[in-house]
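**Student:** Before I ask anything, let me first share the structure, which is written out below as C-alpha cells.
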C-alpha cells in the first residue's frame, strides 16, 4: 500500500481535551494502527503540526510523542507545506479568528464546539467555509459513543413505538479548588472568558437530541451559579461569574418532551456521568456513554404506590442490557476518521459547521430563555 501524508495543524493540544482525545486517542492512535486505509490501496498518514502559545509545552509534547513539527505562530503553521487541515481545540474566545485565518489560507476546517461565541459568528464561519469550498466539520463526539449508538439502533429499529419523552442527567462535583484541586480549568466558571454550563453543554444536547431522537423546536432554561467563589490554578480565589448548572426543557418535533439537567455541583448517583432515559409507548431505554438497558412493554412490571410498606422489588434488575453486537472504537477517533476520508476521498459527511452553528443557536437561546424566564422557539437555520 502507498502512503498518503496529510498535515493537520492542531491548535490547542496542550489543553486537556485537545491533548487526550484529539491528539493521543485520535490522531496518534491512527498512526499507531498503521494509518487510515482508504480502500483504494492507499493509507492515509496524519502528520500533526502543533501550534499553541507555550513553546516549552509544545516542545515537551513533541518530544514525548516523537513529533517533528511545532510552532507558536499560527501563520507559520498554516504555511507549512504539509498543512491541509486546521483543527481547533482552543478556548472558545480564540476560535473564530483562528478559523477565519485558516479558511483564508485555504485549509479544511475541523473544530471543537462551540464553534463560536455567538450564532451570527458561527453562521459566518459556515458561510466563509462554504464560499471557500473547503471541507468543514464540527466535533459531535457523543453520537459515536457505544451507549448512544445502541440508543440510536433502538430508535431506528422502532423499539420505542411512539416516543413520549427524554430525561437526561449530566454532571458531577467539580471541586472548588481550595482543599482539593478542581478537575476543570478555572476559565470554565468565568463568563467573561467564555465559560458556563449552557455554552459548554447545550451544543452537545442539541446534536444528541437532533441526531438520535428528533429535532429541537423550543427551549426553556433555568441557570444557576451554585458555587459563587472558586480557587484558580495559582491558588487565588475568584468570583464564579458563569452558570455552573443549567436545567433545560426542550420540545422536540412530534410533541416529544426532553428534560436535561446539567450540573457541576451534583454528586453522582447513577451508573455513568451522563444518562438519557427515553420512554415510548412500546418500551423504554436508559443510555449512558457506554451502556444501554431496556424494558419492553411486555415485560414492564406493575408497581403499586404504597408509602406505608417497604419496597420489596429491585427496579434496576427488571431491565435488560442491550448487547454490543459490534466493536466500538473511541468516539473522537471514529469521527476524525470520517472527516479525514471526507477530505481525501469526498466521502459523505454531515456534521459540518452549519450543524455546529445549531449548537451555538441552542446555547444562545438557552441563555436568553434563562434571562427572560420564558420558553423560546428554535427557528430553522440555513446559510
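Where a number appears in this text, it was derived from the coordinates with a stated rule and is not lab data. Source: prediction; values computed, not measured. Positions of Cβ are generated from backbone atoms using ideal geometry, with glycine treated the same way; all protein chains shown enter the neighbour counts.
**Student:** So for the range 238-371, averaging the separation of alpha carbon pairs under 8 Å that are six or more residues apart and normalising by length, what relative contact order in percent results?
**Tutor:** It comes to 11 percent, rounded to a whole number.
**Student:** Let me ask something else. Kindly work out what percent of the DSSP beta bridges joining two residues of the range 146-327 are antiparallel, to the nearest 5.
**Tutor:** 85 percent
**Student:** Can you compute the FRET efficiency between residue 175 and residue 127 using 1/(1 + (r/R0)^6), with r the Cβ-Cβ distance and R0 = 25 Å? Round to the nearest 0.05.
**Tutor:** Result of the calculation: an efficiency of 0.05.
**Student:** Right, here's the next one. Counting residues in the range 1-129 as N, plug N into 2.2 N^0.38 Å and put the Cα Rg over that result. Intermediate values should be presented prior to the final figure.
**Tutor:** Working: Rg = 14.6 Å, N = 129, 2.2 N^0.38 = 13.9 Å.
Against the compact-globule rule of thumb, the ratio is 1.05.
**Student:** On to the next question. Sorting 212, 198 on the 10 Å Cβ count, fewest up front, what's the list? It would help to have the intermediate numbers written out before the result.
**Tutor:** Working: 212 21, 198 25.
Going from sparsest to densest Cβ surroundings: 212, 198.
**Student:** Using a 10 Å cut-off around each Cβ, can you sort 238, 110 from fewest to most neighbouring Cβ atoms? If you can, show how the numbers build up before the last one.
**Tutor:** Details: 238 14, 110 29.
By the 10 Å Cβ count, ascending, the order reads 238, 110.
**Student:** Using only Cα atoms, tell me the angle between helix 331-345 and the longest principal axis of the chain; keep it within 0 to 90° and round to the nearest 10.
**Tutor:** Roughly 50 degrees between the two axes.
**Student:** Let me ask something else about it. Which of the peptides 289-300, 335-346 is most tightly packed, and how do the rest follow, judged by the mean count of other Cβ atoms within 10 Å per residue?
**Tutor:** Ranked from most to least packed, the peptides come out as 335-346, 289-300.
**Student:** Of the residues 46, 310, 81, which exhibits the maximal mean-square fluctuation in a Gaussian network model of the chain defined by a 10 Å Cα contact cut-off?
**Tutor:** The residue that fluctuates most here is 310.
**Student:** Using only Cα atoms, find the angle between the long axis of helix 55-65 and the longest principal axis of the chain, and express it within 0 to 90 degrees, rounded to the nearest 10.
**Tutor:** Relative to the chain, helix 55-65 is tipped by roughly 80 degrees.
**Student:** Further question on the same structure: Quick one: if you stick a label point 7 Å off each Cα along the C-beta vector at residue 318 and residue 291, how many nm between them?
**Tutor:** Here the answer is 1.9 nm between the modelled labels.
**Student:** How far, in nm, would the chain grow between residue 257 and residue 29 when pulled straight, counting 0.36 nm per residue and subtracting the alpha carbon separation?
**Tutor:** Extra length available between residue 257 and residue 29 comes to 78.2 nm.
**Student:** Something else now. Per DSSP H run of n ≥ 4, the term is -39500 (n - 2.57); total these for the chain, divide by its residue number, and report the mean residue ellipticity at 222 nm rounded to 500 deg cm²/dmol.
**Tutor:** Estimated from H runs of four or more residues: -8500 deg cm²/dmol.
**Student:** Restricting things to alpha carbons, find the Rg to Rh ratio for the range 155-312 using the Kirkwood radius for Rh.
**Tutor:** Radius of gyration over Kirkwood radius for the range 155-312 works out to 1.06.
**Student:** Right, here's the next one. I need to check one value: relative contact order of the range 146-327, counting alpha carbon pairs closer than 8 Å and at least 6 residues apart, in percent.
**Tutor:** With pairs under 8 Å counted, the relative contact order is 30 percent.
**Student:** Ranked by Cβ crowding within 10 angstrom, fewest neighbours first, how are 328, 144, 276 ordered?
**Tutor:** Going from least to most buried by this count: 328, 144, 276.
**Student:** I would also like to ask the following. For the chain, what is the relative contact order in percent, using Cα pairs closer than 8 Å and at least 6 residues apart in sequence? The partial results should precede the final answer.
**Tutor:** Details: 774 pairs, mean separation 76.8, N = 383.
That works out to 20 percent.
**Student:** Of all beta bridges DSSP finds with both residues in the chain, what is the antiparallel percent, to the nearest 5? Numbers along the way, then the final one.
**Tutor:** Values: 41 of 73 bridges.
Around 55 percent of the beta bridges assigned by DSSP in the chain are antiparallel ones.
**Student:** Round to the nearest 10 and give me the degree value, 0 to 90, for the angle of helix 92-104's Cα axis relative to the longest principal axis of the chain.
**Tutor:** 50 degrees
**Student:** Please give the FRET efficiency for residue 272 paired with residue 222, using the beta carbon to beta carbon distance and R0 = 22 Å, rounded to the nearest 0.05.
**Tutor:** Details: r = 24 Å, r/R0 = 1.09.
It comes out at approximately 0.35.
**Student:** Further, regarding this structure: If one computes P(r) from the Cα atoms of the range 249-353, what percent of pairs lie at distances over 25 Å?
**Tutor:** 48 percent
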